[in-house]
Amino acid sequence: MTSKERMLTALAGGVPDRLPITIHQWQEYHLATYMGGVDELTAARQIGLDAAVTPRDIRREIPSPHWVERAEPAGTENGMTLTRHTFTTPDGDLTLLAGRNEYTEFVMEHLIKDQRDAEIFLRHAPRYRLDLPRLTAWYDRTGDSGIVRGSVTSFFQPGTWQSFCELVGTEQAIYWSVDDPAFVHAFLEALTQRAIEWVEREWADAKFDLVEHGGGAASANVISPAMFDTFCLPYDRRVIAALHAAGHKVVYHTCGWMMPLLERIPENGCDASETLSPPGVGGDIATELDRQRVKRTLGRRVALIGGIDQAKFEQPGHAAEITADVRACFRDFGAGGGYICSASDHFFHADPENLRTLVQTARECTY
């Protein structure tokens, strides 16, 4: 099988020739520092991974005279360079403070501080479009080397509840969900409609093999299962249905605790679930029995992606542990197919030799 065939077979719940092996969203810092500055597709080919390419240059903001951004330097803090973003609208300004270091970017002050800000945002925030020719170029270049992933991202990350948390802050989102649930539902409804409008407008022509939805804010160590049922499930279900109507498979992303949500996640209609994170990277899938329960409960309904503690990639001398982890994931998550073994989430300092160990072990895990 080619890498693409192997991964698509697993996503369809089938049994590939051997265990598919990949990582989650190769970070620019690692590519520049450890991989000679190549792009993620070239890096995957060099290491031997089944590529999961996530193009970052295919989303375009549709310009609007009612949403004008101004970015100004705002000093430094804890090694981060700060930038104040001001968005001018006919109804007033919205501001956001972002911090960037050599690794990534952070939101230091959220865009929406109160309900009036929320009204301004929903009235004037721009829509997005896909750069379809550029996406097609990525798809064609990836070819048989793997799959191309995307997301209906309206503000930093996909997922309706996740987007709300990115806009207002996770703590504030939780407070508002208790103090004023009607406001939260109205905002989530508006975000959902925006996402569906974008999907219906142009995603039927988008060459993605897999679309990511959800986000860490939907994990069970952030919100309760009851909140998941109330503020995630009804809205995610509709966006996922729109993506299905446009011809796409969807993976639901929870990069924290998943065990209390195993029965709930498939209710949104997703085709796959990630990240199957172990405790070392903030998850709650800790033991062989946990992995078997995930496979038995969640894996009987959707494909599975993830499971590997990527923190172990960052130190030399972990080859034996990485090998053992891959074999354990193959045994428990991979039984009967329907599983792509992957780093659970991002890394910045991974030793390339550890990545090669990951690949070599997966190649030995044959069906």
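Key figures
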quantity	calculated
Members of segment 197-226 that are part of a helix (DSSP H, G or I), out of contact with any Phe, Trp or Tyr (no Cβ under 7 Å at 6 or more places or on another chain) and surrounded by 19 or more Cβ atoms within 10 Å (Cβ to Cβ)	VAL199, TRP203, GLY216
2 or more residues of a type outside the set (Gly, Ala, Ser) and touching a residue at least 24 places away in the same chain (Cβ under 8 Å): qualifying strands (runs of 3 or more DSSP E) within segment 1-79	59-61
Checking VAL359 against (1) at pLDDT below 95; (2) part of a helix (DSSP H, G or I); (3) not polar (S, T, N, Q), the condition it does not meet	(1)
Within segment 279-297, considering residues that are among the charged types (D, E, K, R) and loosely packed, with under 15 Cβ neighbours inside 10 Å, the one farthest from LEU261 (Cα to Cα)	GLU288
Residue within segment 247-260 that is outside any loop (DSSP other than H, G, I, E, B), farther than 20 Å from GLY13 by Cβ and in the same structural domain as PRO225 (by TED's automatic domain parsing) present	yes
Contacts under 9 angstrom Cβ, first residue in segment 349-363 being over 13 Å from GLN310 (Cα atoms), partner charged (D, E, K, R) and surrounded by fewer than 18 Cβ atoms within 10 Å (Cβ to Cβ), 6 or more apart	THR361/ARG327; ALA362/ARG18; ARG363/ARG18
Test: residue in segment 57-79 that is under 30 Å from ARG363 (Cβ atoms) and surrounded by 18 or more Cβ atoms within 10 Å (Cβ to Cβ)	no
Filter result for GLU171 (modelled with pLDDT of 95 or more, acidic (Asp, Glu) and within 30 Å of PRO279 (Cβ to Cβ))	yes
Selection within segment 257-299 - over 19 Å from the mean Cα position of the chain (by Cα) and without any contact (Cβ under 8 Å) to a residue 40 or more places away in the chain	GLU263, ALA286, THR287, LEU289, ASP290, ARG293, VAL294, ARG296, THR297
Scope segment 188-223; condition farther than 25 Å from HIS248 by Cβ and in contact with a helix residue (DSSP H, G or I) (Cβ under 8 Å, 6 or more places away or on another chain); matching residues	ALA220, VAL222, ILE223
Filter pass, GLN157 being touching a residue at least 40 places away in the same chain (Cβ under 8 Å), of a type in the set (S, T, N, Q) and within 24 Å of LEU82 (Cβ to Cβ)	yes
Residue, farthest from GLU189 (Cα to Cα), within segment 104-122, restricted to residues that are within 24 Å of the chain's Cα centre (by Cα) and exposed (fewer than 15 other Cβ atoms within 10 Å of the Cβ)	THR104
The one condition in (1) farther than 24 Å from HIS24 by Cα; (2) in contact with a helix residue (DSSP H, G or I) (Cβ under 8 Å, 6 or more places away or on another chain); (3) acidic (Asp, Glu) that ASP144 fails to fulfil	(1)
Every pair of residues 6+ apart whose Cβ atoms lie under 6 Å, when the first sits in segment 188-204 and is over 18 Å from GLN115 (Cβ atoms) while the second is in a helix (DSSP H, G or I) and of a type outside the set (A, V, I, L, M)	THR192/THR160; THR192/TYR235; THR192/ARG238
Filter result for the condition that a residue is modelled with pLDDT of 95 or more and in contact with a Lys or Arg (Cβ under 9 Å, 6 or more places away or on another chain), over GLU119, GLU197, GLU189	GLU197
Boolean, CYS270 is at pLDDT below 95 and either under 19 Å from ALA12 (Cβ atoms) or out of contact with any Leu (no Cβ under 8 Å at 6 or more places or on another chain) (or both)	no
Selection within segment 94-148 - in a strand (DSSP E or B) and without any contact (Cβ under 8 Å) to a residue 40 or more places away in the chain	LEU94, THR95, LEU96, LEU97, ALA98, GLY99, ARG100, GLU105, PHE106, MET108, GLU109
Some residue of segment 115-132 being closer than 30 Å to PHE228 by Cα and of a type in the set (S, T, N, Q)	yes
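The values are calculated or read from the model by the stated rules, or taken from the named source; none is laboratory data. Here the structure is a predicted model, which means the values were calculated and not measured. All Cβ positions, glycine included, derive from the backbone under ideal geometry; neighbour counts span all protein chains shown.
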